[in-house]
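Here the structure comes first, spelled out in C-alpha cells, and everything after it is commentary.
The values are calculated or read from the model by the stated rules, or taken from the named source; none is laboratory data. Worth saying up front: this structure is predicted, and the values here are computed from it rather than measured. Neighbour counts run over all protein chains shown; Cβ positions are idealised from the backbone, glycine included. Calculation scope for accessible area: heavy atoms of the full protein, side chains included, ligands and nucleic acids excluded. Shrake-Rupley method; radii C 1.70, N 1.55, O 1.52, S 1.80 Å.
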Amino acid sequence: MADLLVKDLTVEYTTGDYVVRPIDRLEISAPNGHLVLLLGPSGCGKTTLLSCLAGILSPTAGSIMVGDREISGLTGQELTDYRRHGVGIVFQAFNLIASLSALENVEAPMWLGGTGRREAKQRAGELIARVGLEDRGHHKPGQLSGGRQQRVAIARALVHDPPLLLADEPTAHLDYIQVESGLQLLRELAAPGRVVVVATHGERMIPLADQVVELAPKFLEAREPERVELAPGEVLFNQGDRSALVYVVESGEIEIFKVRGDHTEERVVLRHAGEHFGELGPLLGLPRSASARAVTATVLTGYGVADFRERFGGDIQVGAALQSHPA
Amino acid sequence: MWLISLRDLVYRRRRFVIAIIGTAAVFAMALVLAGMAAGFRVEAERTQNGIGADAWVVPSGVPGPWTNFRTMPASLAAAVAAEPGVRAAAPLIHLRQSVHEGSKLIDVNVFGHRIGGLGEPAAAQGRVERHPGQVLVDSKLGVHVGDTVVIGRWRFTVTGVVHGMTATSGIPTVWMPLQDAQTMGFGGQPLTTAIITKGVPKRLPPGLTLVSNAAALDDGLRPLQSGIQSISSSKTFLWVIAAIIIGAVVYLSTLERVRDFAVLKAVGASSRDLFLGLAAQSVVIALVAAALAVVLAQLMAPLFPLTIAIPWSAYAALPVVALVVGTLASLVGLRKAVTVDPALAFGAN
C-alpha cells in the first residue's frame, strides 16, 4: 500500500539577501488511489513542495513518508534509487529531451537505471501505447502537439510504475481539448497502489481531486477584531509566518524589519499610533515578508481583511501598499 | 547516457560538424608538423645514403662532415685507404653556394667528389657528370638535363638530375667533380673537408677523427635542433587548440542543455552519468576529427616546400591524443552540468 504522509514540513532558504519560508509546518495525509491537488498562486510553495516530494530538495524540518519509506533524509545511492524508481514526475513544460524521439524519451529513465535496451524498448512501447501514441513513437517532441507531449511526459513518469506520481501545472500549455484528455489520464492513474499529486493554481481540477491542499489559505472571512498588547522587544509575528490579521497601532511603536540570509536585521519602517501594517500577507494569502516587533510598550488591534476594508474604507491598492506598508 | 549524448550530437549536428572540421584541420596541421620535424632527418638520411659511405673521416676536433669548414689534404684519402678495415676511401668536399636564377639566389649544398669514385649518386634522369664544368643536380633546383646553371661565378652544364636529395630544410644538392669544388671553395688547392670510406677504419693517421653515419647525421641535424624543437612545441600547442575548440562547442551545448540535465538528474541521473555523456560527445568529436585529419594531412603536405615525412608513430598516437583531448575538453562543461540543480526541471520554459 502506497500512502503519502507529510508531517510538520518546513522549508526555509535564503534567496538574494533574505530568508524565505515558502512551506511552514505543512501536513498532508493521502491514502493510495487518491489524487491530491496542491492549490495556490505563484510563489506559494507548490514547486518547493513538489521538489521535496521528488527528493530533489531537502526540507528544513519535518518528514515525508511514501509508503513505509522516509524520503526526506535520503542521500547518495538511496536517493538516486528513489528518484529512479520511487517517484514519477510530469514537469510543467513537459521537459522532453528534444534530440530523442517520444519512445526514446520514455526509454531514457530506464537507460539511466541500467535496464537493458531491448527491455527498455519493450516497456516504452507498452507505455506509449497506453497513452495512445503508438503511431507517434518515432516523432521528436518538436513534431508533437502540447497534449501529445504531455502524454509522452506521463508515459515517461510511469516507466518504473512508481507509487508516487507528481504533475506540475499539467494544464499550463494545453488547449481545452488537450486539457480534458490530460486530466482524464491523470485521474485514471490515481489507482490503488499509487498517489497522484497535482500542483496547480487553477481551481478547475478541484472536482477531480480526492483531496485539496490549499497552500495559500484565504483570509477573507469575517472575524472579530483582536486586541494585542506587546511589551518592548516582544515580537508580534515573524517573517514567513502566515496570519489572517491586519494590524492598526493604537499606541506605542512597532518596528517592521527583515531578516537577512546572514541573520542580521534590516529595519524597513516604523509604525506609530494610527498607522496600519501587515495587510498584504492576509490579502494575497502569502507568508509574512517581514517581522514585526514592539519598540515600546504597544497596543494593537488586529482586523480580518474584510473588517479592515470596511472600517478603513476603499479597495486596498496593492501597489501603494507594497511601497508603504510591507509585511 | 552515452546514447542520449550521441542523439544530441546528431540533433545539433551542424555545429558539431563545424567543430569536427575545425579540429580535424588542427590535428592535420599537427600531423604535418610531426612530418616536418621528421622530414629533416628523412631528407638528411636520404642524401647521406645516396653518398653510400660506411664511415666519415674529418680533421680532429671537428664534430662531423656537415658543419665542418676546416680542410685537410685530399691526399690523406690514400693513407686512410691503407688502414685496416677500409676497402676504399675518397675525398668528399661539402660547400654551401648559391645558384643565380635571374635575379634570384637559390642556396645549394655542393658535393665535390672523384669522378667515378666513392660518393657518386645514381642519376634518375640523364647521367652523372664526367668532366669539369658538368654537374648533377637535385630536381628541387628546377633545372633540366642540358640546362646551364651559374653557381657562384662559375657556369656549369647539367648532365643529370636526382630526386629527393636535399638537406638542411629542403636545400637542393649539386654534385660536381672534385677539382671544380676545390676551385670553387679553396682557390684550386688540393684540399677536402671530409674523406668517405667503404668499410670502417680500425685506426687512422694522426690528426684525423672517425665519424659514424649516425654521428654524421646528428652533425647535420644539430643546427636545426632548435627549429625542430620549436616545431614539436607547436604541435603540442595545436593539441591544446584542438581541446579548446571541442571544449568551447561542448560547453555551449551544455549551456543549452541545462534544463535537459536538470530533468535527467530529477529522474535519477548521477553526476557520473552526466560526465560520461559529455565525455562521450567530446571523444566522438575528437576521434572523427582525427580520422578526417589523416586525410587532410595528405592533402596539406604537398603544399609545403620542405620534406614532410609523417611517421607511423604520429598516426598511431593521434587516436590516443584525440581521446585525451576529448576527455579534457569535456571537463569544460562538466562543472556546469554536475552543478545543475534538478529543481530547475520544475521551472516553466
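Is it the case that the range B:283-303 has a residue that's touching a residue at least 60 places away in the same chain (Cβ under 8 Å) and not in a helix (DSSP H, G or I)?
no
Looking at (1) in contact with a helix residue (DSSP H, G or I) (Cβ under 8 Å, 6 or more places away or on another chain); (2) at pLDDT 85 or above; (3) open to solvent by 40 Å² or more (accessible area, probe 1.4 Å), find the lone condition where A:D175 falls short.
It is condition (2) that A:D175 fails.
Quick check: is even one residue across the range B:262-277 away from chain A (no Cβ under 14 Å), in a helix (DSSP H, G or I) and open to solvent by less than 50 Å² (accessible area, probe 1.4 Å)? Lay out the reasoning, then the answer.
Just the residues of the range B:262-277 that are away from chain A (no Cβ under 14 Å), to begin with: none.
Scanning the range B:262-277, I find no residue that is away from chain A (no Cβ under 14 Å), in a helix (DSSP H, G or I) and open to solvent by less than 50 Å² (accessible area, probe 1.4 Å), so the answer is no.
Checking A:T75 against (1) within 23 Å of A:Q92 (Cα to Cα); (2) of a type in the set (V, I, T); (3) out of contact with any Lys or Arg (no Cβ under 9 Å at 6 or more places or on another chain), which test does it fail?
Going through the list (1) within 23 Å of A:Q92 (Cα to Cα); (2) of a type in the set (V, I, T); (3) out of contact with any Lys or Arg (no Cβ under 9 Å at 6 or more places or on another chain), A:T75 breaks only (1).
It is to be established whether one or more residues within the range A:20-28 are crowded, with 16+ Cβ neighbours inside 10 Å, among the acidic types (D, E) and touching a strand residue (DSSP E or B) at 6+ places or on another chain (Cβ under 8 Å). Show your work before the answer.
Filtering the range A:20-28 down to residues crowded, with 16+ Cβ neighbours inside 10 Å leaves A:20-24, A:26, A:28.
Retained after the next criterion (residues that are among the acidic types (D, E)): A:24.
If we keep only those that are touching a strand residue (DSSP E or B) at 6+ places or on another chain (Cβ under 8 Å) as well, we get A:24.
Yes - at least one qualifying residue is present in the range A:20-28.
Give me a count of the residues in the range B:134-151 that are under 14 Å from B:F111 (Cα atoms) and surrounded by fewer than 21 Cβ atoms within 10 Å (Cβ to Cβ).
Quick first cut of the range B:134-151, residues under 14 Å from B:F111 (Cα atoms) only: B:134-138, B:151.
Okay, now just the ones that are also surrounded by fewer than 21 Cβ atoms within 10 Å (Cβ to Cβ), so B:134.
Number satisfying all stated conditions: 1.
Any idea which of B:E83, B:E120, B:E101, B:E129 is more than 31 Å from the chain's Cα centre (by Cα) and either open to solvent by less than 60 Å² (accessible area, probe 1.4 Å) or not aromatic (F, W, Y) (or both)?
Details: B:E120 fails: more than 31 Å from the chain's Cα centre (by Cα); B:E101 fails: more than 31 Å from the chain's Cα centre (by Cα); B:E129 fails: more than 31 Å from the chain's Cα centre (by Cα).
Of the residues listed, the single one that is more than 31 Å from the chain's Cα centre (by Cα) and either open to solvent by less than 60 Å² (accessible area, probe 1.4 Å) or not aromatic (F, W, Y) (or both) is B:E83.
Does A:P141 qualify as being more than 24 Å from the chain's Cα centre (by Cα), within 30 Å of A:G261 (Cβ to Cβ) and surrounded by fewer than 20 Cβ atoms within 10 Å (Cβ to Cβ)? Don't jump to the end; show me each part of the working.
Values: more than 24 Å from the chain's Cα centre (by Cα): yes; within 30 Å of A:G261 (Cβ to Cβ): no; surrounded by fewer than 20 Cβ atoms within 10 Å (Cβ to Cβ): yes.
No: the conditions fail for A:P141.
Restricting to the range A:31-69, name every residue that is more than 13 Å from chain B (Cβ to nearest Cβ) and either of a type in the set (A, V, I, L, M) or within 14 Å of A:A167 (Cα to Cα) (or both).
Matches in the range A:31-69: A:H34, A:L35, A:V36, A:L37, A:L39, A:A61, A:I64, A:M65, A:V66.
Would you confirm whether or not the range B:171-192 contains a residue that is buried (at least 21 other Cβ atoms within 10 Å of the Cβ), in a helix (DSSP H, G or I) and of a type in the set (D, E)?
yes
It is to be established whether one or more residues within the range A:3-10 are in contact with a strand residue (DSSP E or B) (Cβ under 8 Å, 6 or more places away or on another chain), in a strand (DSSP E or B), among the acidic types (D, E) and more than 26 Å from A:R187 (Cα to Cα).
Among the residues of the range A:3-10, at least one is in contact with a strand residue (DSSP E or B) (Cβ under 8 Å, 6 or more places away or on another chain), in a strand (DSSP E or B), among the acidic types (D, E) and more than 26 Å from A:R187 (Cα to Cα), which makes the answer yes.
Of everything in the range B:250-261, what is surrounded by 24 or more Cβ atoms within 10 Å (Cβ to Cβ), more than 8 Å from every other protein chain (Cβ to nearest Cβ) and of a type in the set (D, E, K, R)? Give them in sequence order.
Answer for the range B:250-261, where residues must be surrounded by 24 or more Cβ atoms within 10 Å (Cβ to Cβ), more than 8 Å from every other protein chain (Cβ to nearest Cβ) and of a type in the set (D, E, K, R): just B:R257.
Identify the residue in the range A:70-79 that is within 13 Å of chain B (Cβ to nearest Cβ) and among the hydrophobic types (A, V, I, L, M, F, W, C) and, among all such residues, is farthest from B:V267 (Cα to Cα).
So the first thing to find is which residues in the range A:70-79 are within 13 Å of chain B (Cβ to nearest Cβ), and the list is A:74-79.
If we keep only those that are among the hydrophobic types (A, V, I, L, M, F, W, C) as well, we get A:74, A:79.
On the way: A:L74: 15, A:L79: 11 Å.
The selected residue is A:L74.
Which ones in the range A:254-272 are buried (at least 17 other Cβ atoms within 10 Å of the Cβ) and of a type in the set (D, E, K, R)?
Within the range A:254-272, A:E255, A:K258, A:R271 meet the criteria.
Scan B:V108, B:V62, B:V26 and give me the residue that is open to solvent by less than 40 Å² (accessible area, probe 1.4 Å) and part of a strand (DSSP E or B).
Working: B:V62 fails: part of a strand (DSSP E or B); B:V26 fails: part of a strand (DSSP E or B).
Answer to the check: B:V108.
When the range A:63-94 is examined, which residues are found to be under 27 Å from A:I128 (Cβ atoms), open to solvent by 10 Å² or more (accessible area, probe 1.4 Å) and not hydrophobic (A, V, I, L, M, F, W, C)?
Listed by number, the residues that qualify are A:T80, A:D81, A:R83, A:R84, A:H85, A:Q92.
Can you tell me which residues in the range B:305-349 are more than 14 Å from every other protein chain (Cβ to nearest Cβ), open to solvent by less than 60 Å² (accessible area, probe 1.4 Å) and in a loop (DSSP other than H, G, I, E, B)?
B:L306, B:T307, B:I308, B:A309, B:I310, B:P311
Answer yes or no: is there a residue in the range A:139-146 that is basic (K, R) and in a loop (DSSP other than H, G, I, E, B).
Keep residues of the range A:139-146 that are basic (K, R), which gives A:140.
Checking the rest, the ones that are also in a loop (DSSP other than H, G, I, E, B) come to A:140.
Checking the range A:139-146: at least one residue is basic (K, R) and in a loop (DSSP other than H, G, I, E, B).
Could you go through the range A:186-198 and let me know if any residue there is part of a loop (DSSP other than H, G, I, E, B), out of contact with any His (no Cβ under 8 Å at 6 or more places or on another chain), open to solvent by 50 Å² or more (accessible area, probe 1.4 Å) and among the aliphatic types (A, V, I, L, M).
Within the range A:186-198, the subset part of a loop (DSSP other than H, G, I, E, B) is A:190-194.
So of that shortlist, the ones also out of contact with any His (no Cβ under 8 Å at 6 or more places or on another chain) come out as A:191-194.
From what's left, open to solvent by 50 Å² or more (accessible area, probe 1.4 Å): A:192.
Those left that are additionally among the aliphatic types (A, V, I, L, M): none.
Scanning the range A:186-198, I find no residue that is part of a loop (DSSP other than H, G, I, E, B), out of contact with any His (no Cβ under 8 Å at 6 or more places or on another chain), open to solvent by 50 Å² or more (accessible area, probe 1.4 Å) and among the aliphatic types (A, V, I, L, M), so the answer is no.
List pairs: first in the range A:80-109 and facing chain B (nearest Cβ under 8 Å), second open to solvent by less than 20 Å² (accessible area, probe 1.4 Å) and of a type in the set (S, T, N, Q), Cβ under 6 Å, 6+ apart or cross-chain?
A:I97/A:N105
Conditions tested, residue by residue: (1) free of Cβ contacts under 8 Å to residues at least 60 places away in the same chain; (2) within 19 Å of B:M165 (Cα to Cα).
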| position | (1), (2) |
| --- | --- |
| B:A34 | no, no |
| B:I51 | no, yes |
| B:V58 | no, no |
| B:A82 | yes, no |
| B:V108 | no, yes |
| B:F111 | no, yes |
| B:I115 | no, yes |
| B:G119 | no, yes |
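What do you reckon, is B:T67 among the β-branched types (V, I, T) and modelled with pLDDT under 90?
Details: among the β-branched types (V, I, T): yes; modelled with pLDDT under 90: yes.
Spelling it out, B:T67 is indeed among the β-branched types (V, I, T) and modelled with pLDDT under 90.
Hey, among B:R114, B:R96, B:R130, which residue is of a type in the set (K, R) and within 22 Å of B:P223 (Cα to Cα)?
Values: B:R114 fails: within 22 Å of B:P223 (Cα to Cα); B:R130 fails: within 22 Å of B:P223 (Cα to Cα).
Result: B:R96 is the single residue among B:R114, B:R96, B:R130 that is of a type in the set (K, R) and within 22 Å of B:P223 (Cα to Cα).
Please determine whether any residue of the range B:213-235 is of a type in the set (A, V, I, L, M, F, W, C), open to solvent by 60 Å² or more (accessible area, probe 1.4 Å) and touching a strand residue (DSSP E or B) at 6+ places or on another chain (Cβ under 8 Å). Break it down into steps so the answer makes sense when it comes.
Looking only at the range B:213-235, we keep the residues that are of a type in the set (A, V, I, L, M, F, W, C), and these are B:214-217, B:221, B:224, B:228, B:231.
Add one more test, that the residue is open to solvent by 60 Å² or more (accessible area, probe 1.4 Å), and what stays is B:214.
This time we only want the ones that are touching a strand residue (DSSP E or B) at 6+ places or on another chain (Cβ under 8 Å), so: none.
No: the range B:213-235 contains no residue that is of a type in the set (A, V, I, L, M, F, W, C), open to solvent by 60 Å² or more (accessible area, probe 1.4 Å) and touching a strand residue (DSSP E or B) at 6+ places or on another chain (Cβ under 8 Å).
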